[in-house]
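Here the structure is laid out as structure tokens; the discussion comes afterwards.
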Amino acid sequence: MAEGAGQWVLELEGVTKDYGRRRALDGVSTALRPGVVGLLGPNGAGKSTLIKTVLGLVRLGSGRAQVLGCDCQREYRRVRQLVGYMPEDDCILPGLKGIEAVAYAGELAGLPRLVALRRAHEVLDYVGIAEERYREVQTYSTGMRQKQKLAQAVVHDPRLVFLDEPTSGLDPLGRERMLRLVRALFDRAGVSVVLSTHILRDVEQVCDEVVILGAGRLLVHDTVDNLRRPVDESVVLSLDEELAAFTEALDESGVRFERRAAGELRVYGEPAAAAALVLDTARRTGAVVRRLERGRNSLEDIFLKAVGAGGAGKGAH
Amino acid sequence: MPLFQIGYRRYEGRRTSERLRWWPIAREGLTIAWRSKLLRRLVLVAYLPILYFGPVFFAIGRITDPSTDLSRGPWRELAEETLSRELVARLREDPTVVRTAVWALVFTLFASSIQLILAGLVAAIVGPPLISQDLRSKAFLLYFSRPISSVDYLLGKAGTLGGLVAAVTLLPSLVLYVLSIVFSPSLQTVLHTAPVLLDVVLSSFLVIVPVTLVLLVLSSLTMQPRFAAAAWAVICAFGVMFHHVIKATHALAGASWPRLFSLGETVRAAQLSVFDLAGRFEAVPGARLMGLPRDFAADHGGGGALIFLLVLCASSVVLLLRRIAAPTRI
């Protein structure tokens, strides 16, 4: 199939991979549309194996993986041309300056030398590495290294890029900037992104779709909007300080509610009516409502539910 | 930050040939290695013997030139000192027949002067970190997430080390060859001595290829470059030690197989077999190895050495390809 054929950037059909007796991927089948996709799963879920499968670094036991219509096993060179990879590890090439390392990565991907150097300057500008590009990469801070790795991953202009924990070790400001860059890659340049991370808030913030793996199996693949759409209508609130009188009054009113993490309460019911009840109860009991909003599913709930069910052998595809 | 940032731009331009993907790896390795002052000095040392052998070829050029008056000038003495009086006389009488043998002898002397030692030292400086550092820093993921294969990677790394070993073996020999042609009385010498040039190239590759592959194997077996360097030092030290044991032991002196325990001796035996001094001087009527050091003309079991090096190189390549692919399978 020609490059770019079809609407999928990545297609997996019954992908299975064993390391000795351990099954790392167990019949994973799914297809990713262009966009930013979060790849979630606990340690050992098969995320890294999936990425290595796509890059043609590991031989599949069975099944088929395709990037933009190119077979990952048979056409691995073509696939690697289309794919960028930002590993979690530093992967530093000793003795190289920032600009040299990025240009070198471009050359390895087939860019002519001068073009690679020009592209390296462009992508280093894009990720926000300024004069530091003339320093050796070993001297970079964690934040700089993450930017450097992102630049190396996109210097050859891939159509799909895998980012492995891109915000790991970054301060809040650095994390925000990195996530903006990741989102802009698709929004402005049309480069699809698969974001492999343990930080669920990052996925909520930038991803269009979520894929959750557990024990080598696909547990969930859906859009973030669908996943976060509440199953039951509710409101979520937090009080200035926890008052037993408030919860007792709610209990007496007969409304269904539950305590959530960080002192939050979820009150079930039609949102307007539930909100009115909450405010009325607060007025009567002297509680101060600090936050009150329409209830939504959090990705954390979904993740824990999916991984828990998957771990118990009830894969919810 | 730049005053004006163009943002992310697509690239639709030309890509280099897949067959040349090893070249950036080799070039980058050479660039980094060349920053070492010690390495640059070692490479310089490799060209110093030309200061001696260059004048020898100048002398040979004068001797083989019929218009030269040999009774004057210092070149006759220099040539006689290097080649023996009888051989110089034969060279003067019949240069076309004797020249090839004499050139082969001089290039053998040149190759065995310090080239093997320098090759070992250059390999010890450049080789150990080539693969081990990539394993340690997990840089192999950077390579193999790009459209290059294990063979490209191996060629690139071998290109770095092989290139620098060539800089102290093949290149000085080629420079000397060019000088010797320049000092020759006519350009016909190129035709007469073409087989010697081929032997020079071959004998250099007999150093470059095994040294490169063995060191890359050592580098691929560990994540610590110093361990690879130590292993190489042990191999070299063992070789030198064994060489002296062979020389001191009469029972082993005649046998060729004990030399296989020393990589340096094996390479040397194979080089001598390529230059084929015994055969070449056999073809010179009247020369009969006159004044030649016996060591150069004796049978060194070159055939066995060549086979040993071939097996060593083949097994090194197999091992290297397995080691290079292994980390990516984890």
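For segment A:61-85, which positions are within 9 Å of chain B (Cβ to nearest Cβ) and either closer than 12 Å to A:LEU160 by Cα or open to solvent by less than 20 Å² (accessible area, probe 1.4 Å) (or both)? Even if it seems obvious, please write down each step before you answer.
The first filter runs over segment A:61-85 and keeps only residues within 9 Å of chain B (Cβ to nearest Cβ), leaving A:76-81, A:83-85.
Across segment A:61-85, the qualifying residues are A:VAL79, A:ARG80, A:GLN81, A:VAL83, A:GLY84, A:TYR85.
Listed here are the helices (runs of 4 or more DSSP H) enclosed by segment B:234-330 that have at least 1 residues being modelled with pLDDT of 75 or more: B:263-275, B:277-282, B:302-329. Just one of the listed residues (B:GLU18, B:GLU77, B:GLU12) is more than 11 Å from chain A (Cβ to nearest Cβ) and open to solvent by 80 Å² or more (accessible area, probe 1.4 Å), and it is B:GLU77.
Could you please find all residues in segment B:34-62 being within 25 Å of B:PRO129 (Cα to Cα) and either facing chain A (nearest Cβ under 9 Å) or among the hydroxyl-bearing types (Ser, Thr, Tyr) (or both)?
B:ARG35, B:SER36, listed by residue number.
Looking only at residues of segment A:23-54 that are in contact with a helix residue (DSSP H, G or I) (Cβ under 6 Å, 6 or more places away or on another chain) and over 25 Å from A:ASP225 (Cβ atoms), we find that the one that is surrounded by the most Cβ atoms within 10 Å (Cβ to Cβ) is A:LEU25. Say whether the condition of being on the phi > 0 side of the Ramachandran plot and open to solvent by 10 Å² or more (accessible area, probe 1.4 Å) is met by at least one residue in segment A:208-217. Checking segment A:208-217: at least one residue is on the phi > 0 side of the Ramachandran plot and open to solvent by 10 Å² or more (accessible area, probe 1.4 Å). Among residues of segment A:4-20 that are on the phi > 0 side of the Ramachandran plot, those with a beta-carbon under 8 Å from a residue that is among the polar types (S, T, N, Q) and at pLDDT 85 or above at least six positions away or on a different chain give the pairs A:GLY14/A:SER29; A:GLY14/A:SER62. Could you tell me which residue of segment A:137-151 is surrounded by the most Cβ atoms within 10 Å (Cβ to Cβ), considering only residues that are within 11 Å of another protein chain (Cβ to nearest Cβ) and over 20 Å from A:GLU176 (Cα atoms)? Filtering segment A:137-151 for residues that are within 11 Å of another protein chain (Cβ to nearest Cβ) and over 20 Å from A:GLU176 (Cα atoms), the one surrounded by the most Cβ atoms within 10 Å (Cβ to Cβ) comes out as A:VAL137. Only a single item in (1) touching a residue at least 24 places away in the same chain (Cβ under 8 Å); (2) closer than 27 Å to B:ARG15 by Cα; (3) within 12 Å of chain B (Cβ to nearest Cβ) is not met by A:VAL115, and it is number (1).
Within segment A:104-111, at least one residue is more than 28 Å from the chain's Cα centre (by Cα), in contact (Cβ under 8 Å) with a residue 12 or more places away in the chain and within 11 Å of chain B (Cβ to nearest Cβ). Taking each residue of segment B:72-87 that is more than 11 Å from B:ILE60 (Cβ to Cβ) and looking for partners that are at pLDDT 75 or above and of a type in the set (Lys, Arg) with beta-carbon atoms closer than 9 Å, six or more apart or interchain, yields B:GLY73/B:ARG62.
For B:LEU118, the conditions (1) in contact (Cβ under 8 Å) with a residue 40 or more places away in the chain; (2) among the aliphatic types (A, V, I, L, M); (3) within 14 Å of chain A (Cβ to nearest Cβ) are fulfilled apart from (3). Is one or more of the residues making up segment B:117-128 touching a Lys or Arg at 6+ places or on another chain (Cβ under 8 Å) and open to solvent by 10 Å² or more (accessible area, probe 1.4 Å)? The answer is no; no qualifying residue exists. Listed conditions (1) within 13 Å of another protein chain (Cβ to nearest Cβ); (2) open to solvent by less than 20 Å² (accessible area, probe 1.4 Å) are all met by A:HIS121, apart from (2). The numbered conditions (1) part of a loop (DSSP other than H, G, I, E, B); (2) open to solvent by 60 Å² or more (accessible area, probe 1.4 Å); (3) in contact (Cβ under 8 Å) with a residue 12 or more places away in the chain are all true for A:VAL58 except (2).
The values are calculated or read from the model by the stated rules, or taken from the named source; none is laboratory data. Predicted model, so just to flag it, every value in this text is computed and none were measured. Counting neighbours? That spans all protein chains shown, and the Cβs are built from the backbone with ideal geometry, glycine included. Calculation scope for accessible area: heavy atoms of the full protein, side chains included, ligands and nucleic acids excluded. Shrake-Rupley method; radii C 1.70, N 1.55, O 1.52, S 1.80 Å.
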